[in-house]
Amino acid sequence: MSSRAGSGLKGSALYKKTDGVFSITDDRKSIIWTPSQPPDAAPAITIAITNISNLQQTPETNPKVILKIFEKPPGGTEATPAITHLFHFNSPKAPREEANAIKEVLSCLLVGLKANDPSVSKVNGHLPVSKAPGALQFASSDGWYEDSQLKADFDLQRDLMIRNPFLKQTYDEFRKLKSDGLSLTQFNSQFWSTRTNMLRAHAVEFNQKKGSYNVLSEVKPIGDSVTINREQIQLVFSQHPLVKQVYDENVPKLNEVLFWERFFLSRLYKKLKGNRITESDTTDPTFDRYLNQSDDDRSLRRRQEETQIPHFIDLEGNEENQGGTKSGNRKDWTMRPNSTTKVPIIRSLNSVSERIMANVAPSDIDPANPIGMSEKEFNELTLRDLQAASNETRIELNIKEQSLIQSRHKSSVSEEARFYAAKVPSDVLHDLSDDVMNGIGGGLQSAIGFIDDSNSEDEDKLPHVGSKSSIAEAQEHLIQGVKARGKEIAVARGNTDSKTMQAGLSNGIFESLTLSHATTTEFLNQFWLLFLSGDADRAGELSKTVESLDRAMERINAVAAAAEKERQEVIEQQRQEIRAHYQRTQKRLAWNANTIKGGEKTVMEMMDPIIKTLRKALTDYKEAFAAQNLEAPGS
Amino acid sequence: MDGVDGTDRQEGKQDGPTPSLLFIILDTNPHAWALLQNTLPFSKAIANILVFINAHLAVNNANQVAVIASHSQRSVWLYPRPPSDPQHGDDSDTGMDDENKTDTSNLSDASKYRPFALIENSLLHSLRKLIKTTTEADIKATTSTQMAGALTMALSYINKATIAFLDTGAAAKPTPTALDSSDKAVGLQSRILVVSVSGDLAYQYIPIMNSTFAAQRLRVPMDILKLAGDTVFLQQAAFTTRAVYLQLKNLQGVLQYLMMAFLPDQLARKHLVVPTQEVVDFRAACFCHRSVVDVGFVCSICLSIFCTPPEGAICLTCETQLALGDYGNKPAVIPKKKKKKKRALDGGSSRATPAPEAA
Ligand SMILES: [Zn+2]
Ligand SMILES: [Zn+2]
């Protein structure tokens with residue numbers, strides 16, 4: 001294979017684990033892939049260049065070289081997802097070079113195609129960057145963050161767990177409990193399949209590089225001495241070329257350490273930092289000589305001159321035309337070119353930022369793009385209100401009247417409705433109208449059942465509206481509600497002790513309960529994913545998960561038993577105390593074992609919802625199992 | 001200082017309590033009330049509510065009240081009566097003489113505070129008329145109540161009342177002696193109290209939720225006093241509008257509930273711990289059958305809810321073609337016999353297969 005590779009338009013590549021050769025046809029109209037066995041095989045895959053909607057490649061740092069080609073589905077529209085083809089370049093010599101060469105030719109071809117496409121609008125003569133499908137997604141961005149890659153990246157996972165101890169705890173616990181039949185790989189992929197979002201976020205964070213910072217504000221002189229390291233000195237030089245000049249001209253004469261000590265006390269330092277210089281600041285002739293020199297870097301100047309600044313945001317140009325300070329920008333002193341003396345801090349911060357940015361190679365721009373203003377910049381600078389209204393390109397939704405939907409689907413009749421429908425309408429109406437016509441005849445006072453001198457014993461015999469017992473019960477109900485709500489508010493505000501939260505359970509029990517809850521949820525998650533996937537190949541995995549669910553129930557019971565044991569111990573201890581108290585004082589203390597909270601009952605109350613969901617999962621599984629056993633006996 | 005006198009008076013007004021409007025929606029579903037006849041007859045419930053209304057009016061003489069009936073097939077104004085329905089209606093077939101007698105005797109009762117008597121009189125008159133105009137056919141036709149319509153009427157009335165209140169405030173400004181001239185900043189405090197007896201409201205899911213969100217925006221609490229039945233959406237309405245939902249444990253103690261839980265207006269509630277249901281049922285109803293669902297399918301475009309994936313995975317509301325993913329596959333619990341060889345042969349030529357080996 002390798003002998004044929006290297007021409008630039010060919011490369012050995014695996015496709016679906018089969019060896020073969022990837023090439024671009026001589027007429028540059030399509031790409032083909034030919035399997036290497038048998039030797040004279042016909043091309044297995046042919047994709048017309050015009051059908052390629054996008055290209056992606058793994059980043060340079062990745063040892064695997066995979067080129068991903070998105071093919072427009074035949075006859076498909078924009079909405080249908082593209083078919084993706086993955087070619088793994090595996091030449092023993094230089095897979096990366098081969099892939100790069102092919103990718104470059106392909107993207108050129110694609111850009112060329114798009115440029116002739118009348119349906120792509122052109123801005124300012126340039127191709128709109130974001131819309132050119134031929135433009136490669138910037139190499140590192142996409143490939144890294146695909147689900148499958150994230151799930152397989154063990155380093156990334158380990159790193160994430162180091163930073164997130166709770167996740168590690170869940171992982172360890174879950175791994176300990178996994179059924180033996182489940183391989184570590186299967187387990188890993190299960191565990192991370194529901195957490196790819198976390199992995200992705202971490203990968204993005206991990207791959208971000210920290211840029212340089214405003215070094216003068218970081219280095220702080222303590223008293224007379226100052227500590228500045230090599231790297232910081234480099235930064236000062238690159239951010240403030242003037243300091244470099246001062247250093248060049250003075251350091252052999254001046255001791256290096258002394259130079260920096262004096263610099264950080266000088267007026268020049270204050271000026272560069274953007275601070276106001278006051279009379280009381282110490283003078284230092286060595287540095288003060290440079291006070292009136294501009295800190296502007298000549299190369300930066302040149303770069304600024306080269307960049308074409310649109311006229312209406314060119315402050316200096318506006319000043320020259322007498323349009324600036326005399327009219328529009330008169331009030332806004334930050335919008336004047338020469339206000340260095342007035343607000344030095346803004347000026348100096350701006351110029352430092354500009355220099356920092358100038359030293360960073362832009363990471364979000366494809367170097368292959370045409371030089372000049374990008375579409376985004378252009379849009380930002382456009383005076384939109386001067387343009388003609390553009391056509392709206394919204395997707396129309398045809399919303400149907402809800403009543404139409406409902407009438408098509410017959411609504412099921414509720415139990416209540418069925419019950420009411422069985423009543424005789426004339427009876428219902430008669431009773432009601434009788435009551436309304438005569439019920440309040442005796443005045444409100446008697447109608448609400450208010451009897452001034454009634455005592456509760458008499459009343460209990462005959463319950464009626466407004467009886468003292470009913471009012472007492474209502475009051476009790478309300479006060480319970482107030483208490484519950486009060487507790488809720490206290491919890492929300494965080495001013496409650498953990499004891500109320502734990503309902504009498506000890507810290508240890510409560511913790512193992514929390515953990516048991518978390519792992520059970522995890523197992524349930526896996527169960528439903530597998531159960532609903534309908535994938536017969538994973539049925540073995542599924543039955544292992546069911547075993548885990550069974551064990552989850554056992555674990556909850558074990559925690560409940562432990563909690564009950566603990567509670568009984570507390571009860572026993574209190575009993576003894578009371579006995580001792582009695583022996584000492586001959587007085588009995590009122591005590592009731594029910595006041596001791598916690599125990600099995602509390603655990604079961606807390607876990608009730610998850611126990612219900614466990615039952616639901618197991619029942620559904622058993623039903624499905626029984627049904628399929630019937631269908632295929634003996635299999 | 002001539003101005004001192006005027007300013008003082010204005011400030012005095014601003015310190016006074018803000019009036020509140022209590023809007024009661026009375027669920028008059030005849031079926032449900034017939035069932036309650038032995039524990040809490042309709043008339044007794046009305047009497048208790050009247051006492052509650054009186055208490056509300058007694059708190060502040062600028063307080064207002066409105067009552068509407070959510071009946072089997074329509075929502076009907078009970079108080080204040082619409083201008084088209086004068087105090088003594090000319091509906092001769094309803095035995096007007098009887099009514100006149102009760103009305104007059106009531107109003108001439110010297111021991112009764114006249115505003116209380118007026119409301120009692122008017123409310124009872126409207127109710128009697130409502131029941132009289134209810135036909136057997138009406139009762140046969142539906143077993144539910146027009147809650148959504150009643151809520152909509154309540155919200156529009158509240159909106160009008162709020163605007164009217166602000167207008168009088170503005171107009172009265174030059175003459176500080178006029179009533180209600182101050183407190184413009186706070187405005188009228190309106191709340192809705194639903195006295196509910198019907199359970200089954202799922203078929204009104206969408207309009208009820210729409211009114212709930214409107215009430216939430218207007219900061220109108222929708223208090224729910226549940227005498228019978230259980231309605232998921234009214235629980236949600238109370239929760240969303242930060243109001244009180246109470247399912248009574250003892251119907252005969254209804255007055256206690258009214259006075260303790262529902263009398264304070266929203267300004268007073270800021271300083272109180274209000275009793276309410278701890279657990280809220282947040283389930284929704286499907287758009288296709290209007291039944292409450294545990295697991296639903298939501299269209300990612302228009303957010304319609306379905307109890308089962310719609311036919312052909314086309315959303316019934318917006319007709320978007322949706323993708324379903326793996327869900328809904330028949331669970332496979334028994335492993336298939338291995339057919340690895342065949343799969344490997346297929347792999348090379350099939351284009352559409354997404355390649356899992358990319359990992
Ligand atoms: Zn449905
Ligand atoms: Zn839809």
Heavy-atom accessible surface that B and A bury in contact, both chains counted, 1.4 Å, Å² to 100: 7700 Å²
Hey, rough spin-label estimate for A:LEU630 and A:ALA42, points 7 angstrom out along Cα→Cβ, what's it come to in nanometres? 5.0 nm
If you stretched the chain out fully between A:ALA490 and A:PHE166, how much longer would it get, using 0.36 nm times the residue separation minus the C-alpha to C-alpha distance? 114.0 nm
Using 7 Å Cα-to-Cβ label points, what is the A:ILE578/A:GLU279 separation (nm, one decimal)? 8.6 nm
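Would you mind checking the pairs A:LYS483/B:LYS249; B:LYS44/B:LYS249; A:LYS168/A:LYS209; A:LYS17/A:LYS68; A:LYS210/A:LYS270; A:LYS423/B:LYS140 and listing those with alpha carbons more than 19 angstrom apart?
Checking Cα-Cα distances, A:LYS168/A:LYS209; A:LYS210/A:LYS270 exceed 19 Å.
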Can you run phi through the Karplus equation (6.51, -1.76, 1.60; θ = phi - 60°) for region A:610-615 and list ³J(HN,Hα) in whole Hz, with x for Gly and Pro? 6, 5, 4, 5, 4, 4
Please label the shape of region A:215-288 as rounded, prolate or oblate, based on the square roots a ≥ b ≥ c of the eigenvalues of the alpha-carbon gyration tensor (a/c under 1.5 means rounded; beyond that, a/b larger than b/c means prolate, else oblate). rounded
For the A:GLU396, B:VAL298 Cβ pair and Förster radius 25 Å, calculated FRET efficiency rounded to 0.05 is 0.75
Any idea of A:VAL360's accessible area? Nearest 10 Å², probe 1.4 Å. 70 Å²
Alpha-carbon centroids, region A:167-184 and region B:285-322: separation in whole Å: 37 Å
First check a/c for region A:12-73, with a ≥ b ≥ c the square roots of the eigenvalues of its C-alpha gyration tensor; if it is under 1.5, answer rounded, and if not, answer prolate when a/b is larger than b/c or oblate otherwise. oblate
Full-extension gain between A:ALA201 and A:LEU618, please, as 0.36 nm times their residue separation minus the C-alpha to C-alpha distance. 146.7 nm
Just the accessible area per residue of region A:215-288, please: how many Å² with a 1.4 Å probe? 55 Å²
For B:GLN64, list long-range residues whose amide hydrogen, built 1.01 Å from N in the peptide plane, is under 5 Å from its own amide hydrogen. B:SER20, B:LEU21, B:LEU22
Just how much of B:CYS286 is accessible, in Å², when a 1.4 Å probe is used and the result is rounded to the nearest 10? 0 Å²
Let's test the formula: R0 of 35 Å, r as the Cβ-Cβ distance of B:GLU136 and A:SER469. What FRET efficiency results, to the nearest 0.05? 0.40
Which value in nm describes the separation of the simple spin-label points at B:GLN73 and A:VAL251, placed 7 Å from the Cα toward the beta carbon? 9.8 nm
State the percentage of accessible surface on region A:504-630 attributable to carbon and sulfur atoms; use a 1.4 Å probe and exclude ligands, DNA and RNA. 54 percent
Grab the beta carbon distance between B:LEU267 and A:ALA593, set R0 = 45 Å, and tell me the FRET efficiency rounded to 0.05. 0.45
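The values are calculated or read from the model by the stated rules, or taken from the named source; none is laboratory data. Bear in mind that the values here come from a model prediction, so they are computed numbers and not experimental data. So basically every Cβ, Gly included, is an ideal-geometry build from the backbone, and we count neighbours across all protein chains shown. Areas reflect the complete protein model, heavy atoms only, side chains present, ligands, DNA and RNA absent. Shrake-Rupley method; radii C 1.70, N 1.55, O 1.52, S 1.80 Å.
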